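The values are calculated or read from the model by the stated rules, or taken from the named source; none is laboratory data. This is a predicted model, so every value here is computed, not measured. Here the Cβ positions follow ideal geometry from the backbone for every residue, glycine too, while neighbour counts run over all protein chains shown.
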Amino acid sequence: MIAPWPRRHVIVGLTFLGCVIAYTDRVNISVAAVAMKEHFGWSQTQKGFVLSAFFVGYLLFMFVAGLIATRLGGKRLLGCSVAAWSIFTLLTPLAATLSLAVLILARIGMGIGEAAMFPAAFELFGRWAPPTERARAVARLYSSIPIGTLIGLMGTGWIVASYGWPMAFYAFGVVGLLFVIVWYRQVENDPTTDPRLDTAERALLCEAQESVESAESVPIRRLLLRTPVLAIVAGHFATAWTLYVLHSWLPSYFRDVQGLSIANAGLFSAAPWLAMFAATNVSALVSDRLITRGVRVTTTRRLMQCSGLVVSAAFLLVLRDVHSPAVALILLCLATGALGCTYSGFAPSFLDVAPRRGALLFGFSNTFATIPGIVGVTATGWLVDVTGTYTAAFVLTSIVSAAGALVFGFLFNARPIAA
């Protein structure tokens, strides 16, 4: 019997789905926090602490997750990761009713759980995605971010309006636990031991494994301190700053500045992420085509990363003086769409410069790229409290984007780092 889909595509598809669930659980509090702030009487600064607490646990465990993924494999780690963050999602309403401090601890625990998602995925892609398909696999993985955000924002807005804010956490938490069951039944960590592989696919993946295993290992210290890695970290950091600020504050922006209801704020906040999904996949196709036609990989990565950051920053600067919900929505769709191009910039670069250490390198880079989730999200709340507008927060985000584009543009090189 011939399988309807190649097994490697099933693995990529399930990893995509796991990341979708991760982002629904990550952003649902962005909408729910609007109602929670009113219910518990939080200030904007207190809400900022709640929204940023997730990233404390995420940062602390990220590099460790890369090491664990490299040694134990992606299947086991990703399954445990989904189970952990789903349990903390289910516990969020109880934690919120106990105290703000307990809620913050629960969000930190959820961040620890989600920290393993991407390192585990990169470890699996190193085994299951042949070199000619890795760029597309990474693009599909990252396109789950806007889809998960879209589902989380739209679904949470409707659930909060219909059933109250606690139900949003219960519903999404259960979905995660159900996914874990499917994950362990369908995924094998090592493709060479998967009995569901047909002969042709087994030969393809075994050949890819031999190519990877024969490559010279790059010492960790040499890998992490090289200039191209620093460029990747800078680009990753700048992308994450914009991503996390918009993830956490878009519903509040539409509520506070544009005067929308909680449900409509969730709907308006969801549209930009659909634009990002489209742009992420289109830019990946354009990127692959440029490389196929002879454009250097380094040039292509720089083009996607730098143009994405600069264009996104420009639209956020224009957004400062907008008082129409429709115009604000258009500008935010353009800004997030441009940001989606960066996933054809820094993201494939992990496998460009260190094909054997993708999980480890991602864990290292994303440790720094998680800092914006703490500093950027909290600073945005503080700036809104102090200035009464979102102008200063958008200007700061644009400055970070410009700096990241400069560093990546000047320092990145896609050549594999030799031992």
Every residue from the range 291-328 that is of a type in the set (Lys, Arg) and outside any helix (DSSP H, G or I): 293, 296, 320
First in the range 400-419 and touching a residue at least 24 places away in the same chain (Cβ under 8 Å) and farther than 18 Å from residue 371 by Cα, second anywhere and surrounded by fewer than 16 Cβ atoms within 10 Å (Cβ to Cβ) and among the polar types (S, T, N, Q), Cβ under 8 Å, 6 or more apart: 411/227; 412/298; 413/227; 413/298; 414/298; 415/298; 419/217
Count - residues of the range 196-250 that are in contact with a Ser or Thr (Cβ under 9 Å, 6 or more places away or on another chain), surrounded by fewer than 14 Cβ atoms within 10 Å (Cβ to Cβ) and at pLDDT 85 or above: 0
Given (1) β-branched (Val, Ile, Thr); (2) buried (at least 24 other Cβ atoms within 10 Å of the Cβ); (3) in contact with a helix residue (DSSP H, G or I) (Cβ under 6 Å, 6 or more places away or on another chain), index of the condition residue 56 fails: (2)
Odd one out for residue 310 among (1) within 28 Å of residue 159 (Cα to Cα); (2) touching a residue at least 40 places away in the same chain (Cβ under 8 Å): (1)
Residue in the range 128-146 that is closer than 28 Å to residue 109 by Cβ and surrounded by fewer than 22 Cβ atoms within 10 Å (Cβ to Cβ) present: no
Residue 31, sole failed condition from (1) farther than 25 Å from residue 251 by Cα; (2) buried (at least 24 other Cβ atoms within 10 Å of the Cβ); (3) touching a Ser or Thr at 6+ places or on another chain (Cβ under 6 Å); (4) not polar (S, T, N, Q): (1)
Any pair with Cβ under 7 angstrom, 6 or more apart, that starts in the range 275-293 at a residue that is at positive phi and of a type outside the set (Ser, Thr, Tyr) and ends at one that is in a helix (DSSP H, G or I) and at pLDDT 90 or above: none
Filter result (modelled with pLDDT under 90 and surrounded by 21 or more Cβ atoms within 10 Å (Cβ to Cβ)) within the range 384-401: 384, 390
Of all residues making up the range 137-152, the number that are under 14 Å from the mean Cα position of the chain (by Cα) and either of a type in the set (Lys, Arg) or over 24 Å from residue 248 (Cβ atoms) (or both): 3
Count of residues meeting criterion [of a type in the set (Val, Ile, Thr) and in contact (Cβ under 8 Å) with a residue 40 or more places away in the chain] in the range 386-398: 4
Residues that are among the hydrophobic types (A, V, I, L, M, F, W, C) and modelled with pLDDT under 85, drawn from the range 146-164: 150, 153, 154
Answer residue from the range 255-290, given it is part of a loop (DSSP other than H, G, I, E, B) and out of contact with any Pro (no Cβ under 7 Å at 6 or more places or on another chain) and is surrounded by the fewest Cβ atoms within 10 Å (Cβ to Cβ) among those: 259
Residue selected from the range 108-136 under the condition over 17 Å from the mean Cα position of the chain (by Cα) and not in a helix (DSSP H, G or I), by the criterion modelled with the highest pLDDT: 129
The range 315-327 - residue that is in contact (Cβ under 8 Å) with a residue 40 or more places away in the chain and surrounded by 19 or more Cβ atoms within 10 Å (Cβ to Cβ) and, of those, nearest to residue 259 (Cα to Cα): 319
